[in-house]
Amino acid sequence: MPILDGDQFRADWKNFLDNLKGPISYKLGDLQSASDGEFGYTHMIQYIRGTTLDGKPFKLNLRETDVYRKVNGKWMIIHVHASVPVNLDTRQGIFLAK
């Protein structure tokens, strides 16, 4: 099973945040989690606000599910899925859905 290491995780977020200028607001909502002691998951909505590099307001409500596995006594992220709902008629993402 692939393990997402901290450097990869930070690089993904840095790539995203490099497209915004501060201040950036980040809030978690509707956090749910469960574990059986070997595997676990979290699901949340991430509320991200900021300004794009060209000065436009940026708002995104991102749904994320992370899957964890306990490896040598440490919880490791083994899968990350992030998405926004899609309007099937317009094929456009609904970036402020809750």
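What is the helix-to-structure angle for 6-17, meaning the angle in degrees between its Cα long axis and the longest Cα principal axis of the chain, kept from 0 to 90 and rounded to the nearest 10?
10
Given [x] -0.23, -1.31, -1.53; [y] -0.35, -1.25, -1.31; [z] -0.33, -1.06, -1.18 as candidate values of log10 I(q)/I(0) by the Debye sum over Cα atoms at q = 0.10, 0.23, 0.25 Å⁻¹, which corresponds to the one derived from the coordinates?
Step by step, log10 I(q)/I(0) by the Debye sum over Cα atoms at q = 0.10, 0.23, 0.25 Å⁻¹ for this structure corresponds to label [y].
Size of the dipole of the chain about the Cα centre, Lys and Arg at +1 and Asp and Glu at -1 on the beta carbon, nothing else charged, in debye to 20?
Value, rounded to 20: 340 debye.
What percent does the relative contact order of the chain come to when contacts are Cα pairs within less than 8 Å and at least six residues apart?
23
Quick check for the chain: number of Lys pairs with alpha-carbon distance under 14 Å, counting only pairs 8 or more apart or on different chains?
5
Determine, from the Cβ-Cβ distance of I45 and A11 and an R0 of 30 Å, the FRET efficiency 1/(1 + (r/R0)^6), rounded to the nearest 0.05.
After rounding to 0.05, the efficiency reads 0.80.
Taking amide hydrogens as modeled 1.01 Å from N in the peptide plane, which residues meet the under 5 Å criterion relative to A97, leaving out close sequence neighbours?
Sorted by chain and number, the residues that satisfy this are N61.
For the range 6-93, with the dipole built from +1 on Lys and Arg beta-carbon atoms and -1 on Asp and Glu ones, taken about the Cα centre, which of A82, G40, P23 lies farthest toward the positive end?
Comparing the listed Cα positions along the dipole, P23 ranks first.
From a point 7 Å beyond the Cα of A34 in the direction of its Cβ, which residues of the range 45-68 have a backbone N at a distance under 15 Å?
65-68, by backbone N distance to the label point.
How high is the relative contact order of the range 24-69, in percent, with contacts defined as C-alpha pairs under 8 Å that are six or more residues apart?
With pairs under 8 Å counted, the relative contact order is 37 percent.
Using the per-residue mean of other Cβ atoms lying within 10 Å as a proxy for protection, in what order, highest first, do the peptides 12-21, 25-34 fall?
Descending packing order for the listed peptides: 12-21, 25-34.
With each run of n ≥ 4 DSSP H residues scored as -39500 (n - 2.57), what mean residue ellipticity at 222 nm is computed for the chain after dividing by its residue count and rounding to the nearest 500 deg cm²/dmol?
Result for the chain, helices only: -4000 deg cm²/dmol.
Within 10 Å, count the other beta carbons around each residue, average over each peptide in 41-52, 85-96, and list them highest first.
Packing order, densest peptide first, comes out as 41-52, 85-96.
Throughout, read-outs are computed from the coordinates displayed, never taken from laboratory work. Worth saying up front: this structure is predicted, and the values here are computed from it rather than measured. With ideal geometry, Cβ positions are generated from the backbone for all residues, glycine too; neighbour counts draw on all protein chains shown.
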